[in-house]
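Written out below as structure tokens is the structure these notes cover.
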Amino acid sequence: MQRALTRTQTICPLILSGGSGKRLWPLSRQANPKQFLSLAGKNSLFQETITRSSGGLYARPLVVANDTHRFLVAEQMRELGVEPQSIVLEPVGRSSAPAAIIGALLAAREDVDRLLILLPSDHIIENAAAFNRAVQQGMVAAQQGAIVTFGIKPDRPHTGYGYIEVAPGEGPVLPVSRFVEKPDEVRAREYVDSGRYFWNGGIFLFSARTMIEAAEKHCPAILAACVDSIANASNDLDFLRLSEKHFAKCENISIDYAIIEKFANIRCVPLDAGWSDLGSWTEIWETAKKDSDGNAGRGDVRFLKSSGSYAHSDGGGAVSINGLDDIIVVATRDAVLVTSKAEAQGVKDVVASFEAEGRAEVVFHNRVHRPWGWYERLALGERYQVKCIMVKPGAILSLQSHYHRSEHWVVVTGTVEVTKDDEIIMLAENQSTFVPLGSKHRMRNPGKIPAFLIEVQSGSYLGEDDIVRYEDAYGRAPKA
């Protein structure tokens, strides 16, 4: 029986934000991956995804995020003035199938026929109007029980993407014949020349009912684990924290393998909207505005007697490329990458080698974001460390102590309220205080502008794990 259509129904954006973006190191790190970076404009890729899926066609977004990134997600949505339907925290990393099912289950609580559009948060789509027209074209098919994918119109025989083959048909919504794994260059060229193949961009439109019924048939164990993880979830500030015990039982599998390639009723809407998944520095170069020699860059960069190259300086000083072609240079405050464009996909192997050595550069930048602001390391030596700290207006750090270090705080800008054991003092610009080893302390910014401080640490151990939290406004202190 055909389902009744609700043509005015808004679509719930289901935004997946759990990736790590290793191929874009050193700019992308585990604690601040590529979706939260500004790579193709003023806003981050995550913010661009939120903006693109806002407006009359869409309901409030549902975000599925890594627990580690929860405050980045909340802060970047706050900057846009967008209130999410929910920010769902995955306690362990899993691929897109569990996230899609979690989204469908949550949406079904209000309306089992609610449409959802699954959106990776680390893609770029230059023409938002064309994207939204394609989404509207797929709505009726999704309301009738299809899972609609959006096939990216290929502009070259790319070997890094999976392909979708469509069957002959009329209109903007085409039946799907099959999904094809990443091909070699010969097959990729055949696919592009045929006109029947599109890149698989990982964007899917479906109803909550359709996804739940598909999961019941094709991956019932994952569905059961997702149901239990929601039933045993807990609210943590503005986040919905899934049960780790139950969510960990989910297989680590993509929605493509778990459901899409097994589902009978798949439809494809061709999409020509300037899409890229920015999966490597070569693709960053491809989407960037270039000079007459084919060079592109961001930050303090310049090119001399060079062509076809890309340079990016993110606080890493002036970068010059002289007499070299087809290379990539990325400089941050604590790391520099130099690679040929041909080997740019191999950056993940560089990251793997650093991970094997336990290097912090794969996890954090010098500037580390926290829910109350950020800190940035300025100097590190034997038994001392110097940091710059920014505390947002109204924000407060946890009440904490240290076993191995003392701290000296100097206020540079703004005002902070400092608690030291039973003492509370106010510090303004150019004032300072000393926090002895073992003292229970915290600081708060009671002002209207950000407060900046210089912190000098001294002691036998200066690691971030030398923190004993007693109280915390952001839920990071141990529960009594």
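Relative to the present Cα-Cα distance, how much length would full extension add between E251 and A477 at 0.36 nm per residue of separation? The partial results should precede the final answer.
Working: separation 226, 0.36 × 226 = 81.36 nm, distance 3.05 nm.
So the chain would gain 78.3 nm between E251 and A477.
Taking only alpha carbon atoms, the stretch 320-368 gives an Rg to Rh ratio of 1.02, where Rh is the Kirkwood radius. Over the stretch 229-281, what percent of the accessible surface lies on carbon and sulfur atoms, probe 1.4 Å? Carbon and sulfur atoms account for 41 percent of the accessible area of the stretch 229-281. The residues packed around S398, meaning those with a beta-carbon under 12 Å from its beta-carbon, carry a net charge of +4 if Lys and Arg are +1 and Asp and Glu are -1.
In percent, how large is the relative contact order of the stretch 273-379, given Cα pairs closer than 8 Å and 6 or more residues apart? If you can, show how the numbers build up before the last one.
On the way: 160 pairs, mean separation 17.4, N = 107.
Once normalised by length, the contact order is 16 percent.
Can you give the local net charge around T332? Use residues other than it whose beta-carbon is closer than 14 angstrom to its beta-carbon, Lys and Arg +1, Asp and Glu -1.
Values: positive: R29, K34, R298, R333, R359, R367, R377; negative: D300, D314, D334, E361, E376.
The answer is +2.
I284 sits among other residues whose Cβ lies under 13 Å from its own Cβ, and their net charge, with Lys and Arg +1 and Asp and Glu -1, is +1.
Longer than 26 Å from Cα to Cα, which of K182/K249; K34/K289; K34/K153; K34/K392 are they? Say none if no pair is. It would help to have the intermediate numbers written out before the result.
On the way: K182/K249 29 Å; K34/K289 19 Å; K34/K153 24 Å; K34/K392 23 Å.
Going by Cα-Cα distance, K182/K249 fall outside the 26 Å limit.
Please give the length that would be gained between K42 and A318 if that part of the chain were fully extended, namely 0.36 nm times their separation in residues minus their C-alpha to C-alpha distance (nm, one decimal). Please list the in-between numbers first.
Details: separation 276, 0.36 × 276 = 99.36 nm, distance 2.07 nm.
Using 0.36 nm per residue and subtracting the Cα-Cα distance, I get 97.3 nm.
For G438, the amide hydrogen comes within under 5 Å of the amide hydrogens of H402, R405, counting only partners 5 or more places away or on other chains and with H modelled in the peptide plane. Site pair D334 and L399 shows an inter-label distance of 3.1 nm when each label is modelled 7 Å from Cα along Cα→Cβ. The Cα-based radius of gyration and maximum Cα-Cα distance (Dmax) for the stretch 273-416 are 19.5, 58 Å. Probing with 1.4 Å while keeping every protein chain in the model, the per residue accessible area of the chain equals 45 Å².
Taking 0.36 nm per residue of separation and subtracting the Cα-Cα distance, full extension of the segment from E355 to V412 would add 16.9 nm.
Note on S458 and V227: their simple-model spin labels are 6.2 nm apart, each label 7 Å out from Cα toward Cβ.
The modelled label-to-label distance between E181 and F364, using points 7 Å beyond Cα along the C-beta direction, is 4.0 nm. To put it simply, the accessible area of the stretch 70-150 at a 1.4 Å probe is 42 percent carbon and sulfur. With contacts taken as Cα pairs under 8 Å and at least 6 residues apart, the stretch 351-480 reaches a relative contact order of 29 percent. Between T51 and Q431, the C-beta separation translates, for a Förster distance of 51 Å, into a calculated FRET efficiency of about 0.80. Of the residues F354, Y384, P371, the one whose Cα sits farthest towards the positive end of the charge dipole of the stretch 354-403 is P371 (charges of +1 on Lys and Arg Cβ, -1 on Asp and Glu Cβ, taken about the Cα centre). Using just its DSSP H runs of length 4 or more, each adding -39500 (n - 2.57), the chain gives a mean residue ellipticity at 222 nm of -6500 deg cm²/dmol after division by all residues. Over 19 Å apart at the Cα level, from the set K217/K262; K305/K341; K42/K387, are K42/K387.
The values are calculated or read from the model by the stated rules, or taken from the named source; none is laboratory data. Keep in mind that what you see is a predicted model, and the values were worked out from it rather than measured. Here Cβ is always computed from backbone atoms with ideal geometry, including for glycine, and neighbour counts include all displayed protein chains. Please note that ligands, DNA and RNA were not included when accessible areas were found on the heavy atoms of the full protein model with its side chains. Shrake-Rupley method; radii C 1.70, N 1.55, O 1.52, S 1.80 Å.
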